[in-house]
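The values are calculated or read from the model by the stated rules, or taken from the named source; none is laboratory data. Please read all numbers here as calculations on a predicted model, not as lab measurements. Ideal geometry is used to build each Cβ from the backbone, glycine not excepted, and the neighbour counts take in all protein chains shown. We work out accessible area using only protein heavy atoms, side chains counted, and drop any ligands, DNA or RNA first. Shrake-Rupley method; radii C 1.70, N 1.55, O 1.52, S 1.80 Å.
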Amino acid sequence: MNLIITFFIKLRKLFFSNVLNSIISLIIILILFSIFFNIFGWLIFNANWKVVTSNLPLYAFGSFPANQQWRPATWIISLLTLSMLTLLGPEWKWLRKNLLLAWISTVPFGLYLLYGGLGLLPITSRHWGGLTLTILLTLCSSLLSLPFGIVLALCRQSSFPLVKKLSAIYIDSMRAIPLISVLFFGQLLIPLFLPVGIEIDRVWRAVFAFTLFVSAYIAEDIRGGLQSIPSTQIEAANSLGLNKYQIIKFILIPQALRIALPALTNQSIGLFQNTSLMAILGLVELLGIGRSILANPEFIGQYIEVYIWLACLYWFVCTIMAVLARHLEKRMLINQAIV
Amino acid sequence: MEPIVIAKNITKSYTKGLRALDNVSLTVNQGKVLVVMGPSGSGKSTLIRTFNGLESFDQGELNVLGIKINSTHDERKIQKIRRKVGMVFQQFNLFPHLSILENITLAPINVQKRRQREANEYGMYLLNQMGIDSHAKKYPNQLSGGEQQRVAIARALALKPKLLLFDEPTSALDPERINEVLDAMRRLAQQGMTMVVVTHEIGFAKDVSDQVLFMDSGKVIETSTPDIFFSNAKHERSRKFLNQLDKH
Amino acid sequence: MKRNRKIFFQLGIFIIFITLIAILINNLTINLLRTGIGFNFNWLLKPASFSLAEHPLPYSASDSYAWALFIGWMNSLKVIVSSLVLSSLVGTLIGFARTSKNSLLGLISAGYITIIRQTPLLLQLMFWYFVGFLGLKDNISIHIKNLFKLSNQGIELPGLTLSSEFSALLFGLSIFTSAYIAEVIRGGILSVSRGQWEAFRSLGLSERKGLFFIIIPQALPAIIPGLTSQYLNLAKNSTLAIAVGYSDIYAINDTIINQTGRAIECFLILLISFLLLNLVITNFMELINRIIIKPIKHN
Ligand SMILES: Nc1ncnc2c1ncn2[C@@H]1O[C@H](COP(=O)(O)OP(=O)(O)O)[C@@H](O)[C@H]1O
Ligand SMILES: [Mg+2]
């Protein structure tokens, strides 16, 4: 009883503290109610969720052969498990120490499961699709762009004028052009730059293009981190006799990465969303699958259901990523005196 | 007695015409403690930072532990010096992303190529000496200023240096924390460590130092034993400075 | 000695770089020769022979590719500028709502921001286009007196007709960008120290006056750089027009590539277009910076 009363008092304080506030709150609540009733009514009574429920494997795995779908399923489940483990902060020390390694090894593990070989039925990347492909694109591109971005950032800070200029040109022009043109470059133009006879498949061309694009952004984030490290840190390292490369490796990069962490995690969340652009460039990742299902005469015109479902999926994964990111930032902050 | 630092006519200007160091000469012998005093901006930091090559200079010659450097600022020689000279800064300058023990073992492992275990053991020994071995696993921001500065001393000692440089090691500390750092430095002096200390702590200078060097506007005004300097300084400017210090 | 090493090192890098470029160009030439396309810009003056649904200037299929590209440019500018205005307005409103004392308002704007920011823009654009406009049945239209009419033909305002493609793009881009602008505005307002709020309150200034005369002027220096980068993003994001069939610069380049196979040339054109656009936006914001911020700082 007491609890309810305090709840109401709190509610009053929050929403009805003065006349104007109360009026605003009342109007908003009324509008919200009417919107919610309409939407929920529609979602429950009018929407036809068959377009979602009968295609669940498609959304998850694309056209991966049905009897092999346990492979991408295993991968996604292992990713979810790892996310949970990361969030719960495992007690066992060795696991905590190897968490980063575990995250990195999800990529080769996933590739093995998807490609097959070594005892598994080989499956070409043409059959990859859905959420699996979206996640694969995100993870591979993130993993590749990080080292690439670090190198670019260091080059841009380098004392060699030529190196500095070249990387500055690369970074600035990459950041000036739209992602879709880079992805387009990846799909249509990369084959033109390769020697006759050598071909890279679509998925890897996409990963390559994403890497080219994202690493320019990452480079700028890391450069910001590098610039905010006080010069006294370098002096201290110098006075200990560390050489230039040791200072970069032990002092500058670790600190720059910690400072840039929030920006970097935002980049990878952005990357996850942007993999959807591949839907207009011929891959059937999550959005692409949605489009191809909508093109099926059986489900034609059911845009709302499909789009709402896809939005929920994207939103859900993004939220997981954001929560993981915030968790990571908090843990890093403990070790950090100056930011 | 073996000289550890010999500076001959060192001159340096950051901006043209303004000399941060003006014809400075001095000698520090093995096992001795030199205290450098002088008003702010007089070039104390610049001077001791030339000793381990953090600053270059324009004229003169410097001999640190038998390694001679001059205005060319030869990186390789400076690197050699830095392996034998430790430095402690006013703002501690610990590495915030490394634990206390990692701060200390970083250089031994990577510069001297010691084994991790050996470096850890020696690091723990040093922390023990400084009375902070219970903090080994913590991170710098979890420690008080006095504790951080003692970590910084341990870090400087980890390379087993022949010379220690201190640039106002207690100026950034709360008054009640100053003594724990000064005590650690006293013990080092008793163990025979050669030290150059920039400080305004008169008590420390009186007890510990063998010589006091007084600077103003980049020039060495006088070099005396602490007895003479604090009771009967030769120069008008030194006396004025000491008077001002007393008032604070 | 040391300087020499530095120069040699750079020379080495330069040679490697040039070699790499040379190999790539060599491959490209071989490939272009093999497909018989070659590399030139003569085609720009030939008739485009495709029609465009939307063209702010006169255009017909017999006009040249160059003119078609220019029309694409105009279309891009049209949607960028109008989304820029709309998203700034909406974004500012939501940014204020997010910092307002009314918690319900804050809660709703927070919800708006997470929904918009955590779903892909492309999905949102498709939603607005296929559901918001094309989804309307032929006979359904929403009228507000004679001022505003919304149907699957687009939006009609007195003296102005907006196609459904343009409207969907405008809507989608503006709503998406507004969520980011709202965060920029909020960040700017929060960057002003609490003491400033207390100071104007203690002077007896009203909340609204204090906000406009004390807080916002101080928040602007933190807001302008954030806004600039959001506007640049908006310009880049406008290329997703192709997903809703609006003929912007990217879509027209895409059409031309499909028609002529001139991928390299079109890619270069696109690149230069965007470098120019970036220059325009950054200079424009720099100008705003100079007009608005500088006088504030000098006071
Ligand atoms: N990095 C620098 N650039 C330019 N001038 C400097 C720099 N460091 C010190 N100076 C100048 O050199 C003089 C000596 O400074 P410093 O050695 O720091 O004095 P102290 O340590 O005795 O306070 C001062 O006038 C100071 O302004
Ligand atoms: Mg100083």
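Taking each residue in C:113-119, count the Cβ atoms of any other chain within 10 Å of its Cβ, then average. What number comes out?
5
How high is the relative contact order of region B:33-139, in percent, with contacts defined as C-alpha pairs under 8 Å that are six or more residues apart?
Over region B:33-139, the number comes to 17 percent.
Does chain B classify as rounded, prolate or oblate by the C-alpha gyration tensor (a ≥ b ≥ c root eigenvalues; a/c under 1.5 gives rounded; else a/b over b/c gives prolate, otherwise oblate)?
oblate
So how much accessible surface do B and A hide from each other in total, probe 1.4 Å, in square angstrom to the nearest 100?
When B and A are taken together, about 2100 Å² of accessible area is lost.
Pick from A:Asn21, A:Asn38, A:Asn48 the residue whose mean-square fluctuation is largest in a GNM of chain A, springs joining Cα atoms under 10 Å.
Result: A:Asn21 has the largest fluctuation of those listed.
Excluding residues on the same chain fewer than 8 positions from B:Lys162, give the aspartates and glutamates whose Cα lies under 14 Å from its Cα.
Excluding near neighbours in sequence, the set is B:Glu2.
At 222 nm, what helix-only mean residue ellipticity would the protein assembly as shown give, in deg cm²/dmol to the nearest 500, using -39500 (n - 2.57) for each DSSP H run of four or more?
Taken over the protein assembly as shown, the calculation gives -19500 deg cm²/dmol.
Let me confirm one metric for peptide B:67-76, namely the mean number of other chain beta-carbon atoms within 10 Å of its residues' beta-carbons.
Partner-chain Cβ atoms within 10 Å, mean over residues of B:67-76: 1.
Averaged across the residues of A:306-316, what count of C-beta atoms belonging to other chains lies within 10 Å of each residue's C-beta?
Taking the mean over all residues of the peptide, I get 4.
When the accessible area of chain A is split by element with a 1.4 Å probe, what percent falls to carbon and sulfur?
Heavy-atom surface of chain A belonging to carbon and sulfur, 1.4 Å probe: 73 percent.
Find how many whole Å separate the alpha carbon centroid of region C:86-146 from the alpha carbon centroid of region B:154-229.
Their Cα centres are 66 Å away from one another.
Starting from the eigenvalues of the Cα gyration tensor, five times each then square-rooted, give me the equivalent ellipsoid semi-axes of region B:155-215, largest first, whole Å.
On the way: eigenvalues 61, 44, 26 Å².
Each semi-axis is √(5λ); the values are 17, 15, 11 Å.
Charges at C-beta only: +1 for Lys and Arg, -1 for Asp and Glu. How large is the resulting dipole of region C:1-160 about its Cα centre, in Debye rounded to 20?
940
Please enumerate, by chain and number, the lysines with C-alpha under 29 Å from the C-alpha of C:Lys149, excluding those fewer than 8 residues away in the same chain.
Filter leaves C:Lys78, C:Lys137.
Given the pairs B:Lys12/B:Lys77; B:Lys84/B:Lys219; B:Lys77/B:Lys137; A:Lys249/C:Lys6, which are separated by over 23 angstrom at their Cα positions?
B:Lys84/B:Lys219; B:Lys77/B:Lys137
Can you run phi through the Karplus equation (6.51, -1.76, 1.60; θ = phi - 60°) for region A:114-127 and list ³J(HN,Hα) in whole Hz, with x for Gly and Pro?
Per residue, the Karplus-derived 3J(HN,Hα) values read 6, 5, x, x, 6, x, 9, 5, x, 9, 6, 5, 4, 8 Hz.
Please label the shape of region C:72-298 as rounded, prolate or oblate, based on the square roots a ≥ b ≥ c of the eigenvalues of the alpha-carbon gyration tensor (a/c under 1.5 means rounded; beyond that, a/b larger than b/c means prolate, else oblate).
oblate
Rg to Rh for region C:22-91: what is it, with Cα atoms only and Rh by Kirkwood?
Rg/Rh: 1.21.
What does the highest-first list of A:114-121, A:29-36 look like by mean Cβ count within 10 Å?
Packing order, densest peptide first, comes out as A:114-121, A:29-36.
Mind checking which aspartates and glutamates have their Cα closer than 14 Å to the Cα of B:Lys240? Skip sequence neighbours fewer than 8 apart in that chain.
Straight-distance partners of B:Lys240: B:Asp216, B:Glu222.
What does the net charge come to around A:Gly186 if you take all other residues with beta carbon closer than 10 Å to its beta carbon, with K and R at +1 and D and E at -1?
Overall, the nearby charge balance is +2.
How much of the accessible area of region B:96-160, in percent, comes from carbon and sulfur atoms when a 1.4 Å probe is used?
On the way: 1190 of 2720 Å².
On region B:96-160, the fraction of accessible area on carbon and sulfur atoms equals 44 percent.
In whole Å, what is the distance between the alpha-carbon centres of region A:166-206 and region A:276-320?
For region A:166-206 versus region A:276-320, the Cα centre distance is 25 Å.
Give the shape of chain A as rounded, prolate or oblate, defined through the alpha-carbon gyration tensor: a ≥ b ≥ c are the square roots of its eigenvalues, a/c under 1.5 means rounded, and otherwise the shape is prolate if a/b is larger than b/c and oblate if not. Working shown, then result.
Numbers: a/c = 1.79, a/b = 1.15, b/c = 1.55.
Oblate, since a/c reaches 1.5 and b/c is not below a/b.
Taking the C-alpha atoms of the protein assembly as shown, how large are the radius of gyration and the largest Cα-Cα span, Dmax, in Å?
Computed over the Cα atoms of the protein assembly as shown, radius of gyration and Dmax are 33.6, 106 Å.
Take chain C, connect every pair of alpha-carbon atoms lying under 10 Å apart with a spring to form a Gaussian network, then pick out the residue of C:Leu24, C:Leu104, C:Leu211 with the largest mean-square fluctuation.
Highest fluctuation of the listed residues: C:Leu24.
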